Amino acid sequence: MIRPEEDTETTPLLRGLEHDDPSVRLRAALAVGSRPHPGFVGGLVERCAVEPEFTVREMLTWALTRHEAAATLPLLLDEVRAERAQARSQALHTLSKIGDRRAWPAITPALLADADDEVARSAWRAAVVLVPDGGQRDLAVVLAAQLGRGGRETQLSLSRALVALGEAMLPTLNAATTDPDPRVRAHALATERLWHDPDAGFESAIEEAKRTAVYGQGRQEGR
């Protein structure tokens, strides 16, 4: 683990982040976030890559948002290129919470299409937050290339990311509703319904969209 210089302020809390008991790790992360110190940043980032407990990871991210971006961004930007999927995913998640658009160049097409669903979902959320003004339409094109991917949670994440881009995504989404692939069509139609009615249940929207996509394909084949 990246260590600051040994001192009585940082060392006990950093050791607490590695404790076997998740409740101890949670308290340590809370304490670190409550007392920001540059010497904590490296330990927080590296712990994010291996922490097994969701609630502790969320507290680690919160602790990082309490530190200066000048200290956190360089290490997080390195992590989005890490081999470990959790390191990439958690770094992207943290960048989305920090919201500093200087991180935008790190959100590459490769990350947005990452083979790991958790990494891709985190990249989609980060991209929506960090995209420069005027870049929403181009981002929508890249995101729409992932329509039809994965299970319910992955598809819902992508739909929410597209909806968050606002009207800039509509031309791309409308084109996807006529895609030859029925999974892409169904996902695009469900996203369209989510756009018009954010309170609609995604499960019912996707099932209805699947029926519509199949019906539309049948009509085209019957011509």
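With respect to ALA87, determine if the residue is in a helix (DSSP H, G or I) and either buried (at least 23 other Cβ atoms within 10 Å of the Cβ) or over 19 Å from the mean Cα position of the chain (by Cα) (or both). Walk me through it before giving the result.
Working: in a helix (DSSP H, G or I): yes; either buried (at least 23 other Cβ atoms within 10 Å of the Cβ) or over 19 Å from the mean Cα position of the chain (by Cα) (or both): no.
The answer is no for ALA87.
The condition of being surrounded by 18 or more Cβ atoms within 10 Å (Cβ to Cβ), small (Gly, Ala, Ser), assigned to a helix (DSSP H, G or I) and out of contact with any Phe, Trp or Tyr (no Cβ under 6 Å at 6 or more places or on another chain) holds for only one of ALA70, ALA110, ALA123, that being ALA123.
Counting only residues that are basic (Lys, Arg) and under 14 Å from the mean Cα position of the chain (by Cα), how many does segment 134-184 have?
Going residue by residue through segment 134-184, those that are basic (Lys, Arg) are 137, 149, 152, 160, 183.
Then keep just the ones that are under 14 Å from the mean Cα position of the chain (by Cα); that gives 160.
Result for segment 134-184: 1.
I'd like to know if segment 18-34 contains one or more residues that are polar (S, T, N, Q), in a helix (DSSP H, G or I) and at pLDDT below 95. Scanning segment 18-34, I find no residue that is polar (S, T, N, Q), in a helix (DSSP H, G or I) and at pLDDT below 95, so the answer is no. For segment 40-64, filtering for residues that are crowded, with 16+ Cβ neighbours inside 10 Å and either hydroxyl-bearing (Ser, Thr, Tyr) or outside any helix (DSSP H, G or I) (or both) leaves 3. Against the list (1) surrounded by 20 or more Cβ atoms within 10 Å (Cβ to Cβ); (2) in contact with a Ser or Thr (Cβ under 7 Å, 6 or more places away or on another chain), the condition HIS37 fails is (1).
Every test in (1) without any contact (Cβ under 8 Å) to a residue 24 or more places away in the chain; (2) farther than 19 Å from ARG125 by Cβ; (3) in a helix (DSSP H, G or I) is passed by PRO105 save one, and that test is (2).
Only one of the numbered conditions (1) small (Gly, Ala, Ser); (2) within 13 Å of the chain's Cα centre (by Cα); (3) part of a loop (DSSP other than H, G, I, E, B) is violated by ALA115, and that is (2).
Could you tell me how many of the residues in segment 137-155 are more than 18 Å from LEU95 (Cβ to Cβ) and not in a loop (DSSP other than H, G, I, E, B)? Please lay out each step first, then the result.
Residues of segment 137-155 more than 18 Å from LEU95 (Cβ to Cβ): 137-138, 140-141, 144-155.
Okay, now just the ones that are also not in a loop (DSSP other than H, G, I, E, B), so 137-138, 140-141, 144, 152-155.
Summing the residues that are more than 18 Å from LEU95 (Cβ to Cβ) and not in a loop (DSSP other than H, G, I, E, B) in segment 137-155 gives 9.
The values are calculated or read from the model by the stated rules, or taken from the named source; none is laboratory data. Predicted model, so just to flag it, every value in this text is computed and none were measured. Note: ideal-geometry Cβ built from the backbone for every residue, glycine included; neighbour counts use all protein chains shown.
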